[in-house]
Amino acid sequence: MEQHTGESPRLAIGIDVGGTGIKGAAVDLDTGEKLTKRHKSLTPEGGLPGPVAASVAEMVDAIRDELDDTGLLARSVTPKIGVTLPGVVQHGIMRTAANIDQSWIDLDAVALMTDAIGAPAYVVNDADAAGIAESAFGAVAGLSGVTLVFTFGTGIGAALIHDGVLVPNFELGHLDLGEHRNYERYASPKNIEREGISLGEWAERVRAYIVHIEQLFWPDRIVIGGSISKSSDEYLPFASVRAEVIPAHFRNNAGIVGAARLAAR
């Protein structure tokens, strides 16, 4: 593998844990760009804390090996490491567990990840990490006012950014709306496959959700993230939504970038 030459960038490792997959990379803290390939694995079946933490640790080791091979960071140097989880993280403790096992609730996730990795770990809600990535480097970098960032994946995550500052654990995916309790079960992109609906039918479900959210918070802009954002030209703009709605810059990598940035603070 080609060796890195010149001054080494400031970097951290970001790992994004989802209900179905885990992905991670080393990230340049000045640009938000990935410095390694995107490592991927399936979330262990059942989403239990121990197996998930072991998978995260294995991925961190692989990323550190790649950094060492390319000359970006010697294996003897421990980088900052951030890990996202799909649930509310309050002072390092998991308070909810969405799309992973319920045994995560009230678990010290920082201690779990730190022990598994063998190095200090920073743990954050997955949507919060995506919001930080888009605010620091992405679609809304440098913008003032209120920004709502949504991540559409296995579930629905949300982050609120005000003048570049994150309001943590802004859970909006589990709202009741109309006849639908816990709206993410109705409007998650997983329903495209699960129910056999079209992208347009899914987008209409999301549009109704966004209209409702806008009436509650009146954001200046709304960012649509997750893998579904790559098809945004097929369903944006949303009718009856007044705020500007834009696709995420980092798409499905936002959690990785945000986790790395938050870990390095």
Next on the checklist: Given the -39500 (n - 2.57) contribution per DSSP H run of 4+ residues, what per-residue ellipticity at 222 nm results for the chain, rounded to the nearest 500 deg cm²/dmol?
Outcome noted: -9000 deg cm²/dmol
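Taking only C-alpha pairs under 8 Å that are 6+ residues apart, what is the relative contact order of the stretch 142-252 in percent?
Over the stretch 142-252, the number comes to 26 percent.
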Checklist outcome for this item: Rg/Rh of the chain (Cα atoms, Kirkwood Rh), to two decimals, equals 0.97
Item to check | Residues T31 and D61, FRET efficiency given R0 of 30 Å [Cβ-Cβ distance, rounded to 0.05] | outcome: 0.75
Checklist outcome for this item: Around G145 (Cβ within 12 Å, Cβ-to-Cβ, excluding G145; K/R +1, D/E -1) the net charge comes to -2
Item to check | Length-normalised contact order for the chain - Cα pairs under 8 Å, 6+ apart - percent | outcome: 21
Checklist outcome for this item: Under a Gaussian network model of the chain whose springs join Cα atoms within less than 10 Å, the largest fluctuation of D128, D28, D69 belongs to D69
Next on the checklist: Per q in 0.11, 0.18 Å⁻¹, report the Debye log10 I(q)/I(0) for the stretch 107-265, using one uniform scatterer on each alpha carbon and no solvent.
Outcome noted: -0.43, -1.07
Checklist outcome for this item: For the S41, I192 Cβ pair and Förster radius 25 Å, calculated FRET efficiency rounded to 0.05 is 0.60
Checklist entry - Could you give the length gained on full extension between V241 and A54, defined as 0.36 nm per residue of separation minus the Cα-Cα distance, in nm? => result 63.1 nm
Item to check | Quarter of the Cα convex hull surface for the stretch 56-172, i.e. its orientation-mean projected area (nm²) | outcome: 8.1
Next on the checklist: Given an 8 Å cut-off on Cα distances and at least 6 residues of separation, report the relative contact order of the stretch 1-114 as a percent.
Outcome noted: 27
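Read the figures in this text as sums done on the coordinates, not as results from a lab. In this text, all values refer to a predicted model and were calculated from it rather than measured experimentally. FYI the Cβ positions are ideal-geometry reconstructions off the backbone, even for glycines, and counts take in every protein chain you see.
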